[in-house]
Amino acid sequence: MPFQAATATPRRAVTPAAFVRGVVAAYTRYGRDPAGALSKGQVPDDVVTSADGRVTAAQFEALAGHAMRELDDEALGWFTRRLPWGTYGMLCRASITAPNLEVALKRWCRHHRLLTEDVLFELTIGEETAAISIREQHDIGALREFCLVTLLRYVLGFSCWAVDSAIALRAAEFPFPEPRHVSVYPTIFCKSVGFDADRAGIVFDRHYLSLPLTRSAADLDSMLKGALRLTVLPYRRDRLLVERVRRVLRNARGRILGAEDVASELALSTRTMHRRLREEATSLRDLKEEAKFELAKQELMRGRTPIKRIAEIAGFRNEKSFSRAFRTWTGASPREFRGRYR
């Protein structure tokens, strides 16, 4: 199961040459010639040695897939023991029968330890976010970046596929210095990427954990025939997108947010955001109206804030327009509504 970027397409060159050299290093470790694998991936010699070179998803899938089979090591020399071809497919099978993503990830973390204790996966769950991190138990050496990035892409790619949803990351961090090819990281993970951290990890909204797994064993058999699908498939539907938009709007509290502002918070283009909201049978305008109403209702029920100030907090230009909208929503004026809760 080779690494690729979550939003890559087979024709877009996004995988850095540094990871190609990681595959070549695996051949060096096992005393083998990488020529066959490089030929399979149609990777020219000048790309292998290039500081800024890139290969496409299809090229790297062919290269790494051939190497994993030929060397019989899906870890490509990262660990103190081989992980024979099919190992990560077995890990997917152990996780696919879970009722939801939380259980599946807990199984992934636990069962990966049966494969190797050189690295340990950990799932931590907070009030709003969840994180998958990797604790290194063994010096991976020069292959450290290639290993950690790939391992996180494996678990993220499997998770997206298993719940049939994009999982929007809030942050990603890594325990090594910023690499020369740092520009590919937002494509691979998200906008918020940090380096020189204590350990490698990705952070996302904890509500993804409650999504049910929608894939069957037959689906898994089909997916594993083309490992590229697991790590490259561009999931267009984010099953939590509506809730994520609601959160951005709630947190605005009086700031007037345009579509560009909201899309930027979500690390999406404005066009993509509008399209995905349409797919979820709603719109940014509808969600803005909903957010205004919920915020105004909460402030009125508290009973202390002046109505003029509530109008400002809810994003209205003046008290009159707020009162008119609130009567449309509820059939009562803000003062009448507040009176019901005194």
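Any read-out appearing in this document is the output of simple, stated calculations on the displayed coordinates, not a laboratory observation. Because the structure is a prediction, the values reported are computed rather than measured. Note: ideal-geometry Cβ built from the backbone for every residue, glycine included; neighbour counts use all protein chains shown.
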Show me 47-56, 277-286 ranked by packing, highest mean number of other Cβ atoms within 10 Å first. 47-56, 277-286
Determine the relative contact order of the chain: mean sequence separation of Cα pairs under 8 Å and six or more apart, normalised by residue count, in whole percent. 16
Angle between the Cα long axis of helix 87-96 and the longest principal axis of the chain, 0 to 90 degrees, nearest 10? 30
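Quick one: E312, E61, E336, fewest Cβ neighbours within 10 Å first, how do they rank?
On the way: E312 17, E61 25, E336 13.
The fewest-first ordering by Cβ neighbours comes to E336, E312, E61.
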Just need the Rg to Rh number for the chain, please, alpha carbons only, Kirkwood Rh. 1.08
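Please give the direction-averaged projected area of the C-alpha convex hull for the stretch 241-339, in square nanometres with one decimal. Kindly include the intermediate steps, with their values, before the conclusion.
Details: hull surface 24.5 nm².
Directional mean of the projected Cα hull area for the stretch 241-339 stands at 6.1 nm².
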Within the chain, what is the number of lysine pairs with alpha carbons under 24 Å apart, leaving out pairs fewer than eight places apart on the same chain? 9
Rank by packing, highest mean first: peptides 78-84, 144-150, 166-172, 328-334, with packing defined as the count of other Cβ atoms within 10 Å averaged across residues. 144-150, 166-172, 78-84, 328-334
Quick one: angle between helix 319-330 and the longest Cα principal axis of the chain, in degrees between 0 and 90, rounded to 10, please. 80
Could you work out the helix-only [θ] at 222 nm for the chain, with each DSSP H run of four or more residues adding -39,500 (n - 2.57) and the total divided by the number of residues, to the nearest 500 deg cm²/dmol? -15000 deg cm²/dmol
For the stretch 239-246, take each phi angle, set θ = phi - 60°, evaluate the Karplus expression 6.51 cos²θ - 1.76 cosθ + 1.60, and give the result in whole Hz per residue in order, putting x for glycine and proline. 6, 10, 4, 4, 5, 5, 5, 4
